[in-house]
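J.: Below is one structure. I have some questions about it.
The values are calculated or read from the model by the stated rules, or taken from the named source; none is laboratory data. What you are looking at is a predicted structure, and each value in this text was computed from that prediction instead of being measured. As a convention, Cβ positions derive from the backbone with ideal geometry for all residues, glycine included, and neighbour counts pool all protein chains shown.
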Amino acid sequence: MARYTGPVCRLCRAEQKKLMLKGGRCRSDKCPINKKRPAPGKDPKARPGKRSDYGIQLREKQKLKRIYGMQEKQFSLFFERALYMNGITGENLFVLLERRLDNVVYRLRFAVSRSQARQIVLHGHVAVNGKRVNVPSYLVRPEDTIEIGESGKGLVVIKDALKEYHKSGLMPWLSLDPDTMKGKFLSAPRRSDITDLTDIKEQMIVELYSK
């Protein structure tokens, strides 16, 4: 399936949730979710119908998949890997998603969105343990060092994105030296640590794939 290239705000409206796909715009008054616009294709005057269990489970999967900017096949492969790991499948899935290099670059404030982080990785501006890695789905391990290479340290988009670090800090499983643009993935997060996604019901996703 091809990657979605349409207006990303439409995806947020479809899920009626801020998926943080456009960085600063999502935090501004321009976000369509703040304006309480209806989901695309729905009559705002129509009475909301009751969703089936399958419909609820599908929406949870779609939300998580879109937040991390993944295609269906890739997301399914991540779920399958989580299924065979020790522990709770839903929590395993979150850990794997958070270990993706594009997500770690976003979490380290090198980018304002995961899509921007993916571009930074694809363009070869990121190194892991001193070695350039241009694969967004690369899984970072605890104690790995992630840094912006010399080719990227002068990029305005990265410098602007780092301003958010001074405003909001980092997730507890990461550390960062903003001056050298070098961070570290300290440990794999627990599900309870991922505080910005507490409204995602991962058990619904597990039930969906179990059918």
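J.: Sort out which residues of the stretch 91-104 are surrounded by fewer than 21 Cβ atoms within 10 Å (Cβ to Cβ) and more than 19 Å from residue 145 (Cα to Cα), and write them in order of number.
T.: Hit for the stretch 91-104 is 91, nothing else.
J.: Please go through the stretch 140-156 and give me each residue that is β-branched (Val, Ile, Thr) and surrounded by 14 or more Cβ atoms within 10 Å (Cβ to Cβ), ordered by number.
T.: Those that are β-branched (Val, Ile, Thr) and surrounded by 14 or more Cβ atoms within 10 Å (Cβ to Cβ): 140, 145, 146, 148.
J.: Right, another one. Which pairs turn up if I take residues in the stretch 143-157 that are in the same structural domain as residue 130 (by TED's automatic domain parsing) and hydrophobic (A, V, I, L, M, F, W, C) and look for partners that are at pLDDT 95 or above and loosely packed, with under 13 Cβ neighbours inside 10 Å with beta carbon separation below 9 Å, at least 6 apart in sequence or on another chain?
T.: Listed by first residue and then by second, the contacts come to 146/129; 148/180.
J.: Just checking, does the stretch 80-94 include any residue being under 13 Å from residue 138 (Cα atoms) and either of a type in the set (Val, Ile, Thr) or at pLDDT below 95 (or both)?
T.: no
J.: Got a sec? Which of 127, 117 is without any contact (Cβ under 8 Å) to a residue 24 or more places away in the chain and touching a strand residue (DSSP E or B) at 6+ places or on another chain (Cβ under 6 Å)?
T.: 127
J.: Does the stretch 172-183 contain at least one residue that is closer than 26 Å to residue 60 by Cα, of a type outside the set (A, V, I, L, M, F, W, C) and outside the structural domain of residue 68 (by TED's automatic domain parsing)?
T.: Yes, the conditions are met somewhere in the stretch 172-183.
J.: Only one of (1) surrounded by fewer than 21 Cβ atoms within 10 Å (Cβ to Cβ); (2) among the charged types (D, E, K, R); (3) under 14 Å from residue 185 (Cα atoms) is not met by residue 107, so which one is it?
T.: (1)
J.: List, please: which pairs have Cβ atoms under 7 Å, are six or more places apart or on different chains, and start with a residue in the stretch 79-93 that is closer than 18 Å to residue 62 by Cα and end with one that is assigned to a loop (DSSP other than H, G, I, E, B)?
T.: Cβ pairs passing all conditions: 92/85.
J.: Let me ask something else. If you take the residues of the stretch 53-105 that are among the β-branched types (Val, Ile, Thr) and in a helix (DSSP H, G or I), which of them is nearest to the chain's Cα centre (by Cα)?
T.: 67
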